[in-house]
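Here is the structure we will look at.
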Amino acid sequence: MSVFSGTEGYLFLLRWGHFLAGVTWIGLLYYFNLVQVPFFAETDAATKSNATQKLVPRALWWFRWGAMLTFLTGAAMLLVRGAQGGADVWRSAWGVWILSGAGLGTLMFLNVWLVIWPNQKIVIASAAAAAGGGQADPRAAGAGRRAFLASRTNAMFSVPMLFFMGAATHLPLALTASKWTFAVVATLVVLLLEGNALAGSTGPSKKPLETVSSVIGSGFVLTAVLYVLAVALL
């Protein structure tokens, strides 16, 4: 009998695909935020333009489709687990943790496809037009800023997202109260931070997540805040 037969075998294959796609997606997210953005800030205009036309599109292809496959395999696993355990599975500690991580991951996925990629297409097309002797797109600066803030926000969200995913199996939580209070408060905190990503800015003012150190620090602070809320409210 094959070890991949039955529901558990399918779940394992989905989880494996989820891990592979997730490593691709989040690995490139960290590359963009920890490596590429600081490099672009220091390099000359010609090098930045060349990389924007030739390197960035390749990286973004793997980035956005890694996000897509991560989301689809994750959603499929949740559907299977829900079919297996019924409504009670979502009322368990596992359900609270995994849905918290999945909620953050879904928001990150939406940022990729609805904010980062559409705005990066404008930036890439503008660089190609300028390199070919045409006019740069006046929307490029604003688009680049919105993509930057959304990517920074995703990097911040990735820290608690990965924490909750691991906690589902490895960090038991005693549930003593209604889960709705935690869900509402945590959602408000996350959406407040998401609002900063969607606002965008082309002005000189500094915003949270501007530097690599602030991204890393904010990710751990957000994780601590959400964990304390979970312990206090559940």
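Each reported figure results from applying straightforward, stated rules to the coordinates on display, with no laboratory input. Source: prediction; values computed, not measured. Heads up, the Cβs are rebuilt from the backbone with ideal geometry, glycines too, and the neighbour counts pull from every protein chain shown.
Using the Karplus equation 6.51 cos²θ - 1.76 cosθ + 1.60 (θ = phi - 60°), what ³J(HN,Hα) coupling, rounded to whole Hz, does each residue of region 59-75 give in order, writing x for Gly and Pro?
5, 5, 4, 5, 4, 6, 7, x, 4, 4, 5, 4, 5, 5, 5, x, 4
Please report, in debye to the nearest 20, how large the charge dipole of the chain is about its Cα centre when each Lys and Arg carries +1 at its beta carbon and each Asp and Glu carries -1 there.
Values: 15 positive and 7 negative charges, 59 e Å.
Dipole magnitude for the chain comes out near 280 debye.
Sorting Leu20, Leu60 on the 10 Å Cβ count, fewest up front, what's the list?
Working: Leu20 14, Leu60 19.
Listed from fewest to most nearby Cβ atoms, that is Leu20, Leu60.
Give me the base-10 log of I(q)/I(0) for region 22-135 at each q in 0.14 Å⁻¹, Debye formula, one uniform scatterer per Cα, rounded to two decimals.
Treating every Cα as an identical point scatterer, log10 I(q)/I(0) equals -0.68.
Could you give the spread of the C-alpha atoms of the chain along their three principal axes, from largest to smallest, in whole angstroms?
Principal extents (largest minus smallest coordinate, Cα): 61, 46, 23 Å.
Could you tell me which residue out of Gly133, Gly217, Thr181 lies farthest along the dipole of the chain toward its positive end? Charges go on the beta carbon: Lys and Arg +1, Asp and Glu -1, centred on the Cα centre.
Gly133
At 222 nm, what helix-only mean residue ellipticity would the chain give, in deg cm²/dmol to the nearest 500, using -39500 (n - 2.57) for each DSSP H run of four or more? Write out the running numbers ahead of the final one.
Values: 10 runs with 183 residues, N = 234.
Rounded to the nearest 500, the figure is -26500 deg cm²/dmol.
Under a GNM of the chain (C-alpha, springs under 10 Å), which listed residue has the highest mean-square fluctuation: Thr106, Thr176, Thr211?
Thr176
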